[in-house]
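Novice: Pasting a structure below so you can have a look.
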Amino acid sequence: MAVYPFTLVNRRGSAAIESVSVTVNTDNVVFSFQNHAFVNSWYRGTVFVNIAQSIPTGTTGTLPIVFSTNGATQAVTKFNGEALTVADLPGTGVYEFWFDRATNTLQIMTGIV
């Protein structure tokens, strides 16, 4: 049996979801998603997120972004574990993220060529 120096991810393919609403609060901006079937899956890999709603004009750029689905919220980070903020999202469209349920990490994959 061979021993590989890597872990296989995206075993069932990459997940793809689309936001259904955005809510601006005093302490964060919440993108909500429909409840989905892979809620109980132990997922580790890439997730393509279609941010379908614009953040309202005038929203404070330093507010952190969180995602909400299946009755739970998930912090979203960028490199070095820093919070993803309003200023980091240039607009609507599809963004690539890394999610690891074991570490509860959801990180945007910006700057990767």
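Novice: Within the set of pairs 6+ apart or on separate chains, which have a first residue in region 78-104 that is among the hydroxyl-bearing types (Ser, Thr, Tyr), a second that is at pLDDT 95 or above and open to solvent by 70 Å² or more (accessible area, probe 1.4 Å), and C-beta atoms under 7 Å apart?
Specialist: Once the first residue is among the hydroxyl-bearing types (Ser, Thr, Tyr) and sits in region 78-104, its partners that are at pLDDT 95 or above and open to solvent by 70 Å² or more (accessible area, probe 1.4 Å) give Thr85/Thr62; Thr92/Ser54.
Novice: Find the strands (runs of 3 or more DSSP E) located wholly in region 52-113 whose residues include 3 or more that are in contact with an Asp or Glu (Cβ under 8 Å, 6 or more places away or on another chain), and list them.
Specialist: Of the strands (runs of 3 or more DSSP E) lying wholly inside region 52-113, none has at least 3 residues that are in contact with an Asp or Glu (Cβ under 8 Å, 6 or more places away or on another chain).
Novice: Of the numbered conditions (1) at pLDDT below 95; (2) more than 24 Å from Arg12 (Cα to Cα), Asn28 satisfies every one except a single condition; which is it?
Specialist: Only one criterion is unmet by Asn28, namely (1).
Novice: Every residue in region 87-112 that is surrounded by 10 or more Cβ atoms within 10 Å (Cβ to Cβ), small (Gly, Ala, Ser) and over 13 Å from Asn28 (Cα atoms), please.
Specialist: Result: Gly93, single match.
Novice: Just need a number here: residues in region 32-86 that are open to solvent by 70 Å² or more (accessible area, probe 1.4 Å) and within 10 Å of the chain's Cα centre (by Cα).
Specialist: 1
The values are calculated or read from the model by the stated rules, or taken from the named source; none is laboratory data. This structure is a prediction, so every number in the text was calculated from the model and none was measured. Glycine also receives a Cβ, built like all others from the backbone with ideal geometry; neighbour counts cover every protein chain displayed. Quick note on the areas: whole protein, heavy atoms, side chains included, nothing else; ligands and nucleic acids left out. Shrake-Rupley method; radii C 1.70, N 1.55, O 1.52, S 1.80 Å.
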